[in-house]
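Enquirer: The structure is given below, and queries will be raised subsequently.
The values are calculated or read from the model by the stated rules, or taken from the named source; none is laboratory data. This is a predicted model, so every value here is computed, not measured. All Cβ positions, glycine included, derive from the backbone under ideal geometry; neighbour counts span all protein chains shown.
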Amino acid sequence: MTRYAIIEAPSPLGLWPSGVERTPEVLLQMGLARALGARRDRRVEPPDYDPVRDAETKMLNPRGLAEYSPRLAAAIGAVIDRGEFPLVLGGDCSILLGCTLALRRRGRYGLLFLDGHADFYQPEASLTGEAADMDLGLVSGHGPDIVVDLEGRKPYIQDEDIVVFAHRDAAMAHKYGSRDVRATGMTVMDLEEVRKAGAATAAAEAVKRLALDDKRGFWIHLDVDVLDDAVMPAVDYRMTDGLDFDELVTVLRAAIGSGRAVGLDLTIFNPNLDPNRTIARNLVGALRASLGLRQ
């Protein structure tokens with residue numbers, strides 16, 4: 001039986017303190033730990049948020065991220081070493097740095113990247129300098145060394161070990177000058193391709209690709225804006241369309257059911273935009289339906 005351990009990572013360092021830092025608090029209030037029979041491991045507090053964009057790196061909070069990510073990685077690594085499955089509750093997408101650094105310390109792993117955005121901006125092209133614009137780029141070694149080469153471990157995940165799944169911002173990213181994620185060695189399956197194949201078939205193909213080579217397993221990154229705005233409006237950067245909850249459950253079940261997933265992080269949910277907690281309850285239900293496979 002898989003044992004889940006919840007790590008709270010309430011960091012807004014890659015975005016701003018909009019409410020995403022309250023995600024762990026609210027999902028736990030809504031019964032997530034009970035739903036999964038999960039142990040609450042610890043809370044990793046971030047350093048203070050600095051709203052001034054760094055002139056050298058063109059990023060917000062590069063030093064804060066460089067300080068926070070190894071501490072988060074240590075917490076995640078301790079859970080993995082206990083033989084447990086870490087469920088990391090963000091916070092914004094910059095927590096992926098700590099998640100993937102924890103894996104890199106232990107070998108070669110893959111990444112299933114579930115996100116409405118490709119998050120592959122170069123810092124100078126980002127309108128905001130937010131690491132949540134560029135987290136996929138950072139963990140794959142594309143960016144300032146202060147964040148992408150922690151402990152000399154660049155890249156934390158190799159391009160060929162990444163599947164980008166169900167993003168839908170390609171036109172917008174091109175308009176604003178982002179690098180093209182399709183110009184890398186990553187496997188890219190945008191929302192249109194996922195829909196054409198069907199969520200179950202697309203997820204099975206993603207898992208198959210993540211099982212190739214000598215990887216020790218793969219991590220799941222879940223930015224909740226991969227969900228349709230109609231069911232997940234509680235995010236700071238909204239877009240039309242997206243997966244519905246049933247499709248998300250199908251994808252997560254395929255990933256978890258493969259036996260190859262080693263952990264999951266959840267990001268970008270903003271409880272301040274969900275005052276009656278309906279969305280939070282639905283999110284907890286989807287996680288229970290997906291991760292309950294490993295109980």
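Enquirer: Scanning the range 109-136 for residues that are out of contact with any Asp or Glu (no Cβ under 7 Å at 6 or more places or on another chain) and outside any loop (DSSP other than H, G, I, E, B), which turns out farthest from Pro62 (Cα to Cα)?
Expert: Taking the candidates together, the pick is Leu112.
Enquirer: Which pairs turn up if I take residues in the range 84-100 that are touching a residue at least 60 places away in the same chain (Cβ under 8 Å) and under 13 Å from Pro12 (Cβ atoms) and look for partners that are part of a helix (DSSP H, G or I) and of a type in the set (D, E, K, R) with beta carbon separation below 7 Å, at least 6 apart in sequence or on another chain?
Expert: Pairs that qualify, where the first residue is touching a residue at least 60 places away in the same chain (Cβ under 8 Å) and under 13 Å from Pro12 (Cβ atoms) and the partner is part of a helix (DSSP H, G or I) and of a type in the set (D, E, K, R), are Gly91/Glu21; Cys93/Asp135; Ser94/Asp135.
Enquirer: I would also like to ask the following. Got a number for residues in the range 12-49 being under 18 Å from Leu127 (Cβ atoms) and among the acidic types (Asp, Glu)?
Expert: Adding up the residues that qualify gives 0.
Enquirer: Look through the range 102-156, keep the residues that are of a type in the set (Lys, Arg) and within 24 Å of Ala206 (Cβ to Cβ), and return whichever of them is nearest to the chain's Cα centre (by Cα).
Expert: Checked the range 102-156; the qualifying residue nearest to the chain's Cα centre (by Cα) is Arg104.
Enquirer: Within the range 52-108, track down each residue that is within 24 Å of Leu212 (Cβ to Cβ), among the charged types (D, E, K, R) and assigned to a loop (DSSP other than H, G, I, E, B).
Expert: Listed by number, the residues that qualify are Arg105, Arg106, Arg108.
Enquirer: Are any residues in the range 186-228 acidic (Asp, Glu) and under 18 Å from the mean Cα position of the chain (by Cα), and if so, which ones?
Expert: Residues satisfying the conditions are Asp190, Asp223, Asp225, Asp228.
Enquirer: I'd like the full set of residues that are buried (at least 24 other Cβ atoms within 10 Å of the Cβ) and farther than 26 Å from Ala280 by Cβ, limited to the range 199-224.
Expert: Of everything in the range 199-224, those that are buried (at least 24 other Cβ atoms within 10 Å of the Cβ) and farther than 26 Å from Ala280 by Cβ turn out to be Ala206, Leu210, Phe218.
Enquirer: Condition (residue is surrounded by fewer than 22 Cβ atoms within 10 Å (Cβ to Cβ), of a type in the set (A, V, I, L, M), within 24 Å of Ala74 (Cα to Cα) and more than 18 Å from the chain's Cα centre (by Cα)) applied to the range 163-180: is it met by at least one residue?
Expert: The answer is no; no qualifying residue exists.
Enquirer: Could you grab me the full set of residues in the range 137-155 that are assigned to a loop (DSSP other than H, G, I, E, B) and surrounded by 21 or more Cβ atoms within 10 Å (Cβ to Cβ)?
Expert: Selection gives Ser140, Gly143.
Enquirer: Checking Arg34 against (1) closer than 20 Å to Val163 by Cβ; (2) without any contact (Cβ under 8 Å) to a residue 12 or more places away in the chain: exactly one of these is not met. Which one?
Expert: (1)
Enquirer: Suppose the filter is under 20 Å from Leu97 (Cβ atoms), within 19 Å of the chain's Cα centre (by Cα), modelled with pLDDT of 95 or more and buried (at least 23 other Cβ atoms within 10 Å of the Cβ); does Ala66 pass it?
Expert: For Ala66, the condition - under 20 Å from Leu97 (Cβ atoms), within 19 Å of the chain's Cα centre (by Cα), modelled with pLDDT of 95 or more and buried (at least 23 other Cβ atoms within 10 Å of the Cβ) - is not met.
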